[in-house]
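The structure appears right after this line, and notes come after that.
The values are calculated or read from the model by the stated rules, or taken from the named source; none is laboratory data. Keep in mind the model is a prediction, meaning the values are calculated, not measured. No Cβ is skipped: glycine too gets one built from the backbone with ideal geometry, and neighbour counts run over all protein chains shown.
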Amino acid sequence: MRLTGKAICLLFLSIFIFPLYAQTLPDQPDMEGEGSPPDEGIFTDDDAFFFEAPPLIFEVPVYEIRTLDAIFPNLTNRQRITAMGINGLRNYFTTDESPVFIPNPELGIDLINSVMRKNPSHIIEALAVVPYDGRELDLLDIYNALGRIEKIKDQSVLLNGNDFYVFTESTRIESARNRRAISDPSPSVTLPFSETMFLRLKEINLGNLFLRGEISIDMYGITYSMTNFTDVRYFLVPIVRTERFITILYLEPVREGILIYSVTGFYIPGFIADRVNLTPNINRRIRIFISWITDGLRIQETVLVR
């Protein structure tokens, strides 16, 4: 005998669904009595289709501000004191040498490997702590301090007893292709998860430097990388090719202040490195960036708590 689709459906209901329903509702009257069709009154109790699940419990991680020693446990007492000073710590090394400032590997702060992917010939690491000079600052304060690109040009270093301005212009630009200058946005009231921006810094010796800035934010800190998306030239001669210069900054509020940890890497050919000592020049530029961040943080300290 060949069953139709309707007959198969009724057979399925009679074998599986109806007995199951009858077992879950023992107090229901017998629906197979005289004068009542087999399916009358079935599924009238809406509560039969709902069950009470146990409440879901999410454990929110506890945020606890860290210390300088917790992030850099191998610092000597002298290094710790110098890091808290106005210039901080700096160390220059080449690819056949090892870094000195090594974060706790359990914390996942790994700037060195990101820089080494660019195959640099020269690396400079820096470490500084900007002590609080008022209220304690947070990640949003750091983010807004990093957003004041136009203020980079206002920073100077002392050279032969005089203020020396490394950058004569500093501005955001629309994109890598559209290099029209745009103004810095107003300070933000919220934190993005990530952000990409494009910058033009006019260097007193090298002319225009075009950089791509990338920001990423996690629970504890902000990572800010700057990479050249055009050649860096000296008198029209390319000395650092596209994507071969990178500076990565990691900033975190710690108990002692705002931690600034940076690693800079760049590749220059050997015949140029033998003739031009770029280390003092790069050191000056790192000092400029630390001063720029410090001034931005001081501005944030005057902002009322949100």
**Study point:** Selected residue [at positive phi, exposed (fewer than 14 other Cβ atoms within 10 Å of the Cβ) and either touching a residue at least 24 places away in the same chain (Cβ under 8 Å) or among the basic types (Lys, Arg) (or both)] from ASN119, ASN160
**Key:** ASN119
Review point. Taking region 215-262, which residues are of a type in the set (A, V, I, L, M, F, W, C), surrounded by fewer than 15 Cβ atoms within 10 Å (Cβ to Cβ) and under 14 Å from the mean Cα position of the chain (by Cα)?
Key: MET219
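The rows are residues; the columns are (1) farther than 17 Å from ARG117 by Cβ; (2) in contact (Cβ under 8 Å) with a residue 12 or more places away in the chain.
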{"position": "LEU236", "(1), (2)": "yes, no"}
{"position": "ARG241", "(1), (2)": "no, yes"}
{"position": "PRO253", "(1), (2)": "yes, yes"}
{"position": "SER262", "(1), (2)": "no, yes"}
Exercise for review: Name the single residue, out of those in region 263-283 being assigned to a helix (DSSP H, G or I) and surrounded by 15 or more Cβ atoms within 10 Å (Cβ to Cβ), that is modelled with the highest pLDDT.
Suggested key: ASN283
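Okay, residues lined up against (1) at pLDDT 95 or above; (2) at positive phi; (3) touching a strand residue (DSSP E or B) at 6+ places or on another chain (Cβ under 6 Å); (4) not assigned by TED's automatic domain parsing to the domain that holds LYS118:
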position	(1), (2), (3), (4)
GLY41	no, yes, no, yes
ASP45	no, no, no, yes
ILE57	no, no, no, yes
VAL62	no, no, no, yes
GLY85	no, no, no, no
LEU89	no, no, yes, no
TYR92	no, no, yes, no
SER98	no, no, no, no
Exercise for review: May I ask you to list the residues in region 65-80 that are under 23 Å from ASP138 (Cα atoms) and either free of Cβ contacts under 8 Å to residues at least 40 places away in the same chain or assigned to a helix (DSSP H, G or I) (or both)?
Suggested key: LEU68, ASP69, ALA70, ILE71, PRO73, ARG80
Practice item. For region 95-111, enumerate the residues that are without any contact (Cβ under 8 Å) to a residue 24 or more places away in the chain and not in a helix (DSSP H, G or I). Key: ASP96, GLU97, SER98, GLY108, ASP110
